[in-house]
Structure formats: C-alpha cells, structure tokens
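Reading through the structure tokens given below for one structure.
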Amino acid sequence: QVQLVESGGGLVQAGESLRLSCAASGITNPINTFGWYRQETGKARELVAIINNFGGPNYADSVKGRFTISRDSLKNTVWLQMNSLKPEDTAVYFCYARKLALQWWGKGTLVTVSS
C-alpha cells in the first residue's frame, strides 16, 4: 500500500519561508507525477504546483516566483520550497502522486502565515 507522508508545515510570519517534504513509501518504481495542493477552510482544494516526466513544473499563478517544487525520482520524494509567504497562503497542504492510473494523497500538513 502506497503512503504519502508530508512534513514541514508550521506557523511563520509573512515574508518568511517554509519547506514542505513528502515521501512515498510502499512503492519502489519511480512515481511519474508529484504535486502539491492546498485547501483553505471552507474552500475547494486547489493545485499549487505539479511536476512530472513530461515537461517543466507548473505553478498556480498565485505562487509563481515564490514557490519551487522539486523531486528525487529515485527516492520518490518531493519538496515544496515556499518563500515570501503571505497570509493568504495559509492552508492545509496535501501531497499528491500519480503513476499511470493510480493516484494517492497525503493526509496534509498545516501551514499558517501570520501578518
């Protein structure tokens, strides 16, 4: 059973940085696609950043230039470097992975940015 475990969330002040990590266990073959989504209370989950084997990473317009997604394919690990954080970045961040027709979600890690 594949599991995604996120870490790195927390409480920071506006302008500061955080780095989220997500490690996939229960799978040895490289995962094709990794992504980060976020969900604010009462709102729909939205894509933050995604990276795959078929092209460059893609980002939500709201985080372009501030967030960077990266991965280690051999270790099936993905990171999200978040700089210049804003209060509106406050949300639960979820790791996402997909390989062919299979997809998995992490349980989420809370990021809180105070003004």
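The values are calculated or read from the model by the stated rules, or taken from the named source; none is laboratory data. Bear in mind that the values here come from a model prediction, so they are computed numbers and not experimental data. With ideal geometry, Cβ positions are generated from the backbone for all residues, glycine too; neighbour counts draw on all protein chains shown. SASA here: full protein model, heavy atoms, side chains in, ligands and nucleic acids out. Shrake-Rupley method; radii C 1.70, N 1.55, O 1.52, S 1.80 Å.
Taking the range 49-66 only, how many residues are in contact with a helix residue (DSSP H, G or I) (Cβ under 9 Å, 6 or more places away or on another chain) and surrounded by 15 or more Cβ atoms within 10 Å (Cβ to Cβ)?
2
Restricting to the range 71-115, name every residue that is among the aliphatic types (A, V, I, L, M), in a loop (DSSP other than H, G, I, E, B) and in contact with an Asp or Glu (Cβ under 7 Å, 6 or more places away or on another chain).
First, the residues of the range 71-115 that are among the aliphatic types (A, V, I, L, M): 74, 78, 80, 82, 85, 91-92, 97, 100-102, 110-111, 113.
If we keep only those that are in a loop (DSSP other than H, G, I, E, B) as well, we get 74, 85, 100-101.
The answer is Leu85, and nothing else.
Which residue is least open to solvent (accessible area, probe 1.4 Å), if the candidates are limited to the range 1-46 and must be of a type in the set (Lys, Arg) and outside any loop (DSSP other than H, G, I, E, B)?
Arg38
Search the range 72-94 for residues being over 17 Å from Glu40 (Cβ atoms) and open to solvent by less than 40 Å² (accessible area, probe 1.4 Å), and hand back the single one that is farthest from the chain's Cα centre (by Cα). Quick ask: steps written out before the conclusion?
Filtering the range 72-94 down to residues over 17 Å from Glu40 (Cβ atoms) leaves 72-79, 81, 83-84.
Restricting the remaining residues to those that are open to solvent by less than 40 Å² (accessible area, probe 1.4 Å) gives 76-78.
Numbers: Asn76: 13, Thr77: 11, Val78: 7 Å.
That would be Asn76.
Tell me, which residue of the range 95-108 that is under 14 Å from the mean Cα position of the chain (by Cα) and open to solvent by 20 Å² or more (accessible area, probe 1.4 Å) is modelled with the lowest pLDDT? Spell out the reasoning first.
Here is the first cut: in the range 95-108, the residues under 14 Å from the mean Cα position of the chain (by Cα) are 95-98, 104-108.
Narrowing the set further to residues that are open to solvent by 20 Å² or more (accessible area, probe 1.4 Å) leaves 98, 104-105, 107-108.
Values: Arg98: 94, Trp104: 97, Trp105: 97, Lys107: 97, Gly108: 97.
The qualifying residue modelled with the lowest pLDDT is Arg98.
Within the range 48-70, can you find the residues that are of a type in the set (Gly, Ala, Ser) and assigned to a loop (DSSP other than H, G, I, E, B)?
Hits for the range 48-70 are Ala60, Ser62, Gly65.
With respect to Ile69, is the statement that it is surrounded by 14 or more Cβ atoms within 10 Å (Cβ to Cβ), within 12 Å of the chain's Cα centre (by Cα), over 12 Å from Thr109 (Cβ atoms) and aliphatic (A, V, I, L, M) true?
yes
Which condition number in (1) more than 17 Å from Arg19 (Cα to Cα); (2) out of contact with any Pro (no Cβ under 6 Å at 6 or more places or on another chain) is the one that Ser73 fails?
Condition (2) is where Ser73 drops out.
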